[in-house]
Amino acid sequence: MRPRSRPHRVGSRLSVLLLLLLLLLLLLLLPLAGAAEAADLVSETVPAADDRVTFKVPITVHFASPIELDSNRDGVFTPVSSATIEAGDPDIAIEVNGSSSLNNLRLERDLDGDPSTPGGSPVAGQAQWELRDYPPLLRVRPSAPLDRDALYRVVVFEGADPASPAARRIADGAPAEPHELTFRTLPAGAQGSVQHLTFVPPSLGFVEDYNVYLPAGYGLSAIQRYPVLYLLHGGNNGDWTSWNSAGGGQVEAIVNRLVDEGAIEPLIVVMPDGNGGPNKCLFFRWHHLFSNDYDGAYLYGDYAAYDLPDDVDARFRTFSDRRRRGVAGLSMGGFGAASVGWGHVPRFGFVGPLSAWEWSAAMETPPDYPACESTHWNVIEDFGPCFGAMLQACIGPAGSTDLAHMRTVNGYDLALALRDQDFRGSIFIGHGEADLTATVSWSDDVSCALESRGAAHCYKRPPGAGHTWDFWNQALEEELLPRFNALAYWADLPAGINTDCVNPTVDSPLDADLDGVYDDGDGSGTIGDAPCTGSPSGCDDNCRDHPNPGQEDADGDLEGDGCDLDDDGDGLEDAADCAPLDAGEGRPADTGSLRLSGRSPTRLDWDDLPRADTYDVTRGLLSELAPGAYGNCLFDALGVSHADDPGPDPPEGDGYQYLVRGVDAGCGGPGPWGHDSSGAERENLSPGACP
C-alpha cells in the first residue's frame, strides 16, 4: 500500500471540485516526472545484435540487476527470484508473441531483410526464467529450427510504459523500456578455417607457434565476439599442428560439421605449441607440460595461462571472461589442461583433461572406478630419463620433500584444492580403460580428488579405448565441444550426455547466488527447510538470491543479515538487518495507510509500523504540490501513530495534503515518505520538510 495525499477542510463545494481536478492533474504529471530510464535493465543478450549464429540458436536475455514484474497490472509487483520461479507466479509470466500478459516478448523473422524497419513473420517459441546466475536470465527456445541465412528480431518488454510500468528494477523502481536486438543465421554449409600464427610470449622470450580455427561467419559482423577453447597437444613429437592434421586431430572438420548441424554455436579454437629449449630426449622434442618448471627455467604455465590468451584476445574478436574461455588437452596436454585450468581458476571456466599424464599415487583398480582410497605421497620420486625428465623438470627434483611448487602444477593436487563453486560441473575427464601409455588409474585419482571436494564433474572410462586419436577426436566431438558450448552460450547439454559418467557427483547442486552455499545444503530434497544460522555447513542458504557466504543471522530470524528477500511480493525488505542483533531494528516501511477524521482539529491516524520508534508528518497546500515539494514539517519525533492538526484551515478553494514516515532510532533511520505513482520512492523533499 502507498500512503496517499488526502485533502481536508475545503472551504466550499467549488473547492472540492477544484481539489479533485488538482489531484487528477497530479496523477498525470507525477509518473512523467518520476520516470527513470532503464535501458540498462537488460545487460546482455545471446545472440547479440548483428551476430551470425547457427539456426538452432538459444536466445538468452540477461538482466543487470534484480527486477520485479506486474504482468496483470494489479498494482502488486513480484520480484523474479528463486521462490517465484519455482512457484511459477503468474506475475512473472513472459509470453512469446502472446497477448494475455503485459510482459510479452516478440520473436519474428524480418521479411524485408532490413532490421531498421518494423514488422515480420511471428516465430513460435517458449520463454522461461532461469537462475543459472543471479540476477535471473530469460531463456527463449524457438519451437522449430530457424531458417538459414535469415534475419530475426527479438523485442523484450514491447509496449513498456514508463508511466505505468509492468516491469521495473527493484533497486530504484526504474521502469523497463523495450529492448530490441536483431541477428542473422548462418547460411547452410558455411565453413571455418585454420590459420598459423607466431608471437613472442613475454614469459618465454622466444618465438612460439599456434594454430587458430576461426569459425564460419567470422568477420561478417563488425561486433560479434566468440568464446575460445584452447586445445593442448600431447608428447611424442606433438606440436601446434597435432589437433588439426592428417591422421591426427580433426578440429576443423568436426567443428565445421557441428556448427552447420546447429549442434553448437560458432567458437574460436586455439592450438598452441608446448615445446622449446634444448633437446634432452634423443630425437623427441622437449615438452614442458604447459606448466612452469620448478626452477623457473621455462615458464610454460604462464605462457599458456596468460601470454597466449592475451595475444589471442588482442588479435581476434573474443570474449575474455572465464565463462567463455576453456582449456582441454590430451596426454601431456591433459596434464597441462589441469595445470592451466585448475591452477588459474579466475581465467578459465571449463577444463577437459583427456588421457592425462599425471603424477599421483596411482590406484590399481581397473577396470572399475575406484573406491577413492588413494593416499598422498611425501617424497618426489625419480621419474627416469627422457619423458620422465620432462615431468621431473615440472614437478621437482627427485628425493625432495618440498612439494610447494608441485602443488601449483600437478592436477591431482590442484583437484584436491578445488571447490565445487569454482566450476559448477564444467569439468570433463576422459580416459580409455585400454590405455597402455598413460595409465587410467592416474585419471581415477584425479576424479577421486574432485569427489573428495564435492566438485561436480563427469569422468568417463570407455572400455576398449586406448591412447589414440580415435578416442580423442570422439571426445572432442561428443564431450568437449557440447559441454563448452552449453557453458558459453547458456545452452542445454545434449540429452543423455551424463548417463555413462562413472563418478557419482556429476550435477552441481543449485546455488542461485553463486556464494558457495547450496540452496539445499542439507541434502534433504527440500530447499529452505534448514536455513543456515551463522555457519554455511550442512544447511540451506538463508538468502538464496543474494551472496552471503558467511550465512550470518545474528538475530536468529532465519533470514541472512542484510538479506532483502521479498516473500510477500510487496516490494519491501522482509529483513532489513542493519542491526543484526535486534530483529526489531531496521528501516521502517511505508506507512501504508493514513486516515483523516473531524475538523478543527483534524485527527490523523495511521497503522503502527514495525521498527518505527517515532513518526514525522509533513503538511502542504494542494495548490503548491509538485514533485519534490510536499509542504513543511508539521510534527517530528512523534511517539504515537496519530496526531491532531492544529490548523488553520486552508484557504477557500484549496486543501491540505499530508505525508507520514516512520523513523527507527537505531541504525535503520527514517523510512520512506511513500512512493509516487511511478513506484519510485519520494525524494528531495522541500527544505521545510522534517530533517
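The values are calculated or read from the model by the stated rules, or taken from the named source; none is laboratory data. Being a predicted model, the structure only gives us computed values, none of them experimental. Please note: Cβ atoms are built from the backbone with ideal geometry, for glycine as well, and neighbour counts cover all protein chains shown. Areas reflect the complete protein model, heavy atoms only, side chains present, ligands, DNA and RNA absent. Shrake-Rupley method; radii C 1.70, N 1.55, O 1.52, S 1.80 Å.
Tabulated data
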item	result
Extended-chain gain in nm, criterion 0.36 nm per residue less alpha-carbon gap, Asp149 and Phe206	16.2 nm
Karplus 3J(HN,Hα) series, Hz, for the range 52-58 with 6.51 cos²θ - 1.76 cosθ + 1.60 (x for Gly, Pro)	9, 9, 6, 7, 10, 4, x
Per residue, in Å², the accessible surface of the range 362-496 once ligands and nucleic acids are set aside, probe 1.4 Å	39 Å²
Furthest towards positive pole of dipole, Ser537, Gly556, Tyr489, structure part the range 471-568, Cβ charges	Tyr489
Relative packing of 84-92, 49-57, which averages over residues the other C-beta atoms within 10 Å, highest first	49-57, 84-92
Sites Asn632 and Arg595 - FRET efficiency at Förster radius 25 Å, r taken between beta-carbons, to 0.05	0.70
9 Å beta-carbon shell around Ser641, net charge (K/R +1, D/E -1)	-3
Point-to-point label distance, Ala246-Cys667, nm (Cα→Cβ direction, 7 Å offset)	7.2 nm
Neighbour net charge for Glu451 - beta-carbon separation under 12 angstrom, K R +1, D E -1	-3
15 Å cut-off, amide nitrogen to a point 7 angstrom out along Asp321 Cα→Cβ, residues in the range 507-532	513-514
Distant-in-sequence amide H partners of Phe290 (H built 1.01 Å from N, under 5 Å)	none
Pairwise FRET efficiency - Ser43 versus Leu111, Cβ, R0 = 45 Å, nearest 0.05	0.90
Nearest-20 debye value, the chain charge dipole, Cβ charges on Lys, Arg, Asp, Glu	1960 debye
The range 218-333 - convex hull of the alpha-carbon atoms, volume per residue in Å³	125 Å³
Counted charge near Ala338, where neighbours are those whose Cβ lies closer than 12 Å (Asp, Glu -1; Lys, Arg +1)	-3
About the Cα centre, charge dipole magnitude for the range 421-494 (Lys/Arg +1, Asp/Glu -1 at Cβ), debye	200 debye
Contour excess over end-to-end distance, with Cα ends at Asp608 and Gln191 and 0.36 nm allotted per residue	143.2 nm
Relative contact order, percent, the chain [alpha-carbon distance under 8 Å, six or more residues apart]	13 percent
Relative contact order (percent, whole number), the range 126-249, Cα cutoff 8 Å, 6+ residue spacing	15 percent
Residues whose placed amide H lies under 5 Å from that of His675, excluding near-sequence neighbours	Arg682
In sequence order, calculated HN-Hα J values of the range 388-404 (Karplus, 6.51, -1.76, 1.60; Hz; x Gly/Pro)	x, 5, 5, 5, 4, 4, 7, 6, x, x, 4, x, 6, 9, 8, 9, 4
Residues with amide H under 5 Å from that of Asp51, placed H, sequence gap 5 or more	Arg184
Options (1) 42.1; (2) 35.5; (3) 31.6 - which one matches mean projected area of the Cα convex hull in nm² as calculated here	(2)
Only Lys, Arg (+1) and Asp, Glu (-1) charged, at Cβ; the range 48-116 dipole about Cα centre in debye	200 debye
³J(HN,Hα), Karplus 6.51/-1.76/1.60, whole Hz, each residue of the range 606-622, x for Gly, Pro	8, 6, 4, 10, x, 6, 8, 8, 9, 9, 10, 9, 10, 9, x, 6, 4
